[in-house]
Amino acid sequence: MKNLEYNIQIAASKQKVWDTMLAQDTYRQWTDVSWPGSRYEGSWEKNKDLRFVSGEQGGGGTLATLTEFRPHDYLLAKHVAIINGDGSEDRTSDAAKGWVGTTESYTFEEHNGKTNLKVEIKTAPEWADMFDDGWPKALEKLKEICEQ
């Protein structure tokens with residue numbers, strides 16, 4: 001696994017950054033710059049599954065379980081399957097084995113009315129370029145939305 005880290009400072013409270021990052025409408029806005037058509041299905045709650053999918057119906061994606069969830073402070077998602085275009089879950093193919101076990105964590109720390117957001121990802125090396133290309137742009141968009 002490769003460890004990746006992305007950081008950004010946003011001139012907004014951590015509650016606003018958290019809410020903006022995770023609300024369905026604004027989630028679609030900030031992720032769209034890097035992963036067009038991205039959305040999630042499910043709820044942001046500890047031990048719940050979230051389906052991260054692309055496009056409208058028929059888009060593939062990933063299935064993650066929220067293993068840690070402290071509102072406005074921290075969350076950790078562990079990817080447990082890939083989602084095929086037909087909506088079925090795949091945990092055993094070679095493609096799935098290269099993705100299952102990837103983790104994403106988000107840490108929100110507020111200082112003097114500004115929030116430092118840290119995104120940490122542990123993934124197979126073959127996914128690093130996608131994250132390195134996508135996360136900085138997505139975080140800049142999130143910052144823009146939060147600071148409006």
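The values are calculated or read from the model by the stated rules, or taken from the named source; none is laboratory data. Being a predicted model, the structure only gives us computed values, none of them experimental. Cβ: placed from backbone, ideal geometry, glycine included. Neighbour counts: every protein chain shown.
Can you confirm whether segment 3-13 contains a residue that is among the acidic types (Asp, Glu), at pLDDT 95 or above, surrounded by fewer than 16 Cβ atoms within 10 Å (Cβ to Cβ) and part of a strand (DSSP E or B)? Taking every residue of segment 3-13 in turn, at least one turns out to be among the acidic types (Asp, Glu), at pLDDT 95 or above, surrounded by fewer than 16 Cβ atoms within 10 Å (Cβ to Cβ) and part of a strand (DSSP E or B). Does segment 30-55 hold any residues that are loosely packed, with under 15 Cβ neighbours inside 10 Å, closer than 19 Å to Asp73 by Cα and either touching a residue at least 12 places away in the same chain (Cβ under 8 Å) or charged (D, E, K, R) (or both), and which are they? Of everything in segment 30-55, those that are loosely packed, with under 15 Cβ neighbours inside 10 Å, closer than 19 Å to Asp73 by Cα and either touching a residue at least 12 places away in the same chain (Cβ under 8 Å) or charged (D, E, K, R) (or both) turn out to be Glu45, Lys46, Asn47, Lys48.
Has segment 66-78 got any residue that is over 30 Å from Lys14 (Cβ atoms), surrounded by 15 or more Cβ atoms within 10 Å (Cβ to Cβ) and of a type in the set (A, V, I, L, M, F, W, C)? No, segment 66-78 contains no residue that is over 30 Å from Lys14 (Cβ atoms), surrounded by 15 or more Cβ atoms within 10 Å (Cβ to Cβ) and of a type in the set (A, V, I, L, M, F, W, C). Would you check which residues across segment 1-29 are aromatic (Phe, Trp, Tyr) and either over 17 Å from Val119 (Cα atoms) or in contact (Cβ under 8 Å) with a residue 60 or more places away in the chain (or both) and list them? Residues satisfying the conditions are Tyr6, Trp18.
For segment 29-44: of the residues being part of a helix (DSSP H, G or I) and within 11 Å of the chain's Cα centre (by Cα), which is nearest to Gly134 (Cα to Cα)? Talk me through it step by step, then tell me what you get.
The initial filter retains those residues of segment 29-44 that are part of a helix (DSSP H, G or I), namely 29-32.
Still in the list and also within 11 Å of the chain's Cα centre (by Cα): 30-31.
Working: Trp30: 11, Thr31: 9 Å.
The residue in question is Thr31.
Looking only at residues in segment 101-122 that are within 20 Å of Lys137 (Cα to Cα) and among the acidic types (Asp, Glu), the one that is surrounded by the fewest Cβ atoms within 10 Å (Cβ to Cβ) is Glu120. Of the strands (runs of 3 or more DSSP E) that lie entirely inside segment 45-101, those containing 2 or more residues that are touching a strand residue (DSSP E or B) at 6+ places or on another chain (Cβ under 6 Å), under 21 Å from Ala128 (Cβ atoms) and modelled with pLDDT of 90 or more span 61-70, 74-83. If you go through segment 108-124 and pick out every residue that is at pLDDT 95 or above and either more than 22 Å from Ile8 (Cα to Cα) or within 12 Å of the chain's Cα centre (by Cα) (or both), you end up with 4.
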